Every structure is written in structure tokens, then in C-alpha cells.
Amino acid sequence: MIVSSAFCGKSYAVYGLARSGLATVEALLASGASVMAWDEREEARESLRSSRAKSRGAGTESEQRPSTSLGTNEVGELRLCDPLSNSLYGYSGVVVSPGVPINRHPIARRAREAKVPLIGDIELFAQARASLPPHKVVGITGTNGKSTTTALVHHILKTAAIPTAMGGNIGLPILAQEPLPEGGVYVLELSSFQIDLTQSLDCEVAALLNVTPDHLDRYEDMDDYAASKTRLFTMQSPDHAAVIAADDDYTRAISLSDLVVARRVGVNSGLMEDRSAWPTLQGPHNAQNAAVAIAICLELGVAEDAISKGLATYSGLPHRMERVAERDGVLFVNDSKATNPTATAPALGAYPAVHWILGGLPKGDDLAPCEPYLGHVRAAYTIGEAGPMFARLLAPKVAVTECEVLERAVGAAARAAKAGEVVLLSPACASFDQFRDYEARGQAFRAAVEAL
């Protein structure tokens, strides 16, 4: 894990004990900080207790403390108690999960009252950077495509034999990973929620793909949402690089903003039309992903032949246009990571004959970005909370079956599909009405296909 003397002797409250929260607690304790930790879910608190018991081994925490790379056997004190019911005065930070809605959650008010900064694990990583071997950081944000672009940059760097770690909103929490050797590059996917909780991450290369409607339950309006994305660039030094695709109104405005102080790097997605040598980077959306990834890697000094090899050998992400199986000439594709209509549209555009499974927890009340591709849809199968609304929207244009649950939709689509057609799960919705996350939804799709 990443530990730092920057945290030693300080006190932190950690609210939210999912993967990044658990990693944060462990890293802070190993760095010599004292931690008040809490999660409303008893199972999450129990997971932390179990983790600490394993790290202590047979002894008590005071009897057997793990050594750290700080050259000491000391770890800070851990208290499992609710920061909403305890004083936060004197704490160095309140570390919250990106999933905590800080626009309305009482933890934000409590932090303000105590004059304690509300931060996330990315800010802790930023503060720890000075104690790490010399390195660079790439930060990638945008409404859609940031996971693919992050994974692609990480893959190209590995292809070029450059030490690299991938984290943030993808993969292992960054604080849970081992520090890179000198010359390494940390590649971070950053959601707007994570940027909101970060104050000092000065990325050598920061990138923005696009800004389209999303998360408007957390922001006042689109301008407020775009301002969150812009903050990634306000933290940069002038001699660093800002890679902005500038393919939509909001990203064009950001690229021209005085708030971007770093050197601007232009991106031309139109030059990416021929991607025949890159089998997992098909579809219109991947033109932008590839163009931004190439620009980032050139800024990092990666050789062009290594970039070309990386593009050709990139295997793609799970749950993003992932080919799950082919049965009797019908291809089954898992695009569970498409959690809004703008993310779904490119998947519909990539296949000429689609049996489309969609629905879940809606992020809006229309499917406007998908409408140009409805001619590709042979039939639609709706599920989840958004199912009835989507059925009403689509019924005048395509055949619709209201299936309510994923397993029923897979069965209906499989029976209707003909050889050469595609059964596509691309929900255009969040997953939280019926699943833990989009990964669980994608795994359920795979299981349903395998059960056919």
C-alpha cells in the first residue's frame, strides 16, 4: 500500500467503508495516523474489523503491530464510531467515499462546522506524492469513455515497459497499491465526485473527453457539473499538459477557459476513422477514446511504435461492449457499463441489427442520444425502474417487450434473435434499483446467457 509521513501523527475521519474507504483506513493507520471510521452498513463495519484482525494476526493491535515502509512499527489508533455523533474539531480531514452525496449529506455540514476539509482518497494520494519516488500522474475525466481511455493508456505504458499503476474510479483503490519505482506513471480515472473531493492533485497530464448530461441529482445544472470537471485543470501547474477533446459545447468552452492554466493540447478525433488494426476499439465512441489516449502517451514521451502496438493489442474492458458468447450465429454483448443514454448510443451504432436490453435506475426522462441509431434496433426489452417509461418512449418506433428483470429479457431476446444479429445489454441507466453495481449487472447477464 501507499503510506506517507504526511499523515503521521494526524487524525482523520473516514466515512464510507467500501473498497476505497477500507484502503484509506489501512493506509492512514500504516502511516501512523489515528482514524475514526464508520459506515451505516453493519456488514461494512464488520469487514473492517475482519481486515484489522487479519493484519494483527494472533495478537491484539497493541501487542502485534505491522511494520511499515516508514521505518517504524507504530500504527495509529482506530476507532469505529460515527463522525456524525462525535466531534470533528482538530481533525486533518474528513475522508468520504465518492458515493456519498455531499450536496445533501449531513457529513458535509459537520465538516464545515468543524472547519475540517472534506476530501477523498485521491486527495490523500496527492498529499502523499512528495514522499513517493519521482513519478508522473495522468488524470482522465469525462462523462463517457474515461474507463476505456484510462485502461488503454495504462496498457500502452505497459507495452512500452514503463512502470505504471491504474486506479481512481477503476481497478484497485490507488492507496491499496504498491508505490511505483522512479519514472513510473500513475494513471487515474477521475469521476466528477472524486474531483469534488480533491484540492491539490497537480497532474502532469490531465485529460477531458466529453461533458454530457449525467449526475444531475448531485449538481444544480449542467454548468455546475461542467465546473466540477474543469476543476481538474485548475489544480495543474502551467508547465503541465491539458488534453481536451473539445468535441461538444461544454468541452469546447472549457478548452478556451482562463481556468485552464496548463499548456493546451489539441485532439482531433476525426483522424481516427480507420481503426481496423485495433479490434477492440471499434464504434464511433472509441475514435475519441483512442485520440485522447494517443495524445496523452505522446505527452509522456512514449515512442510511436509502442503506442501502435498497444492500440493493436488492447483487449478491452469487462462490461464495455464485451463479447460474452455466440450461439447459433447470435452474438451476446455485455455493455453494462453504459449507465446513461449517451454511453449507450455508440453501442447501438456499432451493430446493424440489435435486440436491445435496457433499463434500470434512470438518469433522465428521455433516450434522445440513442434516437439516431433506433434503425439498428430490431426489438427492445425493458427492465428495472425505467422499464415502463422506456417502453412508452420506444413503442411508437420499435417493437418493445416489458420484461421487468434481466433474466427474462435475455431469454426473450435470445428466442427472437436470428443469426447475424446481436443481443445487447446496454442499459442507459444506473444499476442500483436491482443490482449492487454495473459489474454485478454484467455478471448477471453473462450468467443468464450461459444458462440458455
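The figures follow:
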quantity	calculated
Using θ = phi - 60° and Karplus 6.51 cos²θ - 1.76 cosθ + 1.60, couplings along segment 82-88 (whole Hz; Gly, Pro as x)	7, x, 6, 10, 9, 5, 10
Spacing of the two label points (7 Å from each Cα toward its C-beta) at Leu80 and Lys309, in nm	4.9 nm
3J(HN,Hα) from dihedral phi, segment 286-297, Karplus parametrisation 6.51/-1.76/1.60, rounded to Hz, x for glycine, proline	6, 4, 5, 4, 5, 4, 5, 4, 4, 4, 4, 5
Most positive-pole-ward Cα, Ala391, Gln443, Trp356, against dipole of segment 322-450 from beta carbon charges	Trp356
Unit charges on C-beta of K, R, D, E only; dipole of segment 129-313, Debye	480 debye
Per-residue HN-Hα couplings for segment 193-208 [Karplus 6.51, -1.76, 1.60; θ = phi - 60°; Hz; x = Gly/Pro]	4, 5, 5, 4, 9, 10, 10, 9, 7, 9, 6, 4, 9, 10, 9, 10
FRET E, pair Ala161, Arg19, Förster distance 25 Å, beta-carbon r, rounded to 0.05	0.30
Under 5 Å, built H, 5+ apart or other chain: amide partners of Asn340	Ala428, Cys429
Sorted by Cβ neighbour density within 10 Å, fewest at the top, the residues Ser308, Ser191	Ser308, Ser191
Prolate/oblate/rounded call for segment 319-452, Cα gyration tensor, a/c under 1.5 rounded	rounded
Cα-only Debye scattering, the chain: base-10 log of I(q)/I(0) at q = 0.06, 0.10 Å⁻¹	-0.28, -0.77
In range of the label at Asp224: residues from segment 161-203 whose backbone nitrogen is under 18 Å from the point 7 Å along Cα→Cβ	192-198
5 angstrom amide H check on Gly184, placed H, neighbours 5+ away	Lys136
Most to least packed among 367-377, 347-357, 420-430 [average Cβ atoms within 10 Å]	420-430, 347-357, 367-377
Residue-averaged 222 nm ellipticity for the chain, from DSSP H runs of 4+ at -39500 (n - 2.57), nearest 500	-10000 deg cm²/dmol
Filtered GluC sites (Glu not before Pro), segment 185-257: DSSP coil and at most 16 other beta carbons within 10 Å	Glu220
Between segment 183-198 and segment 98-117, the Cα center-to-center distance that results, in Å	20 Å
Protection proxy ranking of 116-122, 251-257, 296-302 - average other beta-carbon atoms within 10 Å, highest first	116-122, 296-302, 251-257
Alpha-carbon centroid distance for the pair segment 244-306 / segment 413-431, whole angstrom	30 Å
Entries of Lys229/Lys363; Lys158/Lys309; Lys146/Lys229; Lys337/Lys397; Lys158/Lys229; Lys10/Lys115 with Cα pairs more than 20 Å apart	Lys337/Lys397; Lys158/Lys229
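Any read-out appearing in this document is the output of simple, stated calculations on the displayed coordinates, not a laboratory observation. If you're wondering where the values come from, they're calculated on a predicted model, not measured in any experiment. So basically every Cβ, Gly included, is an ideal-geometry build from the backbone, and we count neighbours across all protein chains shown.
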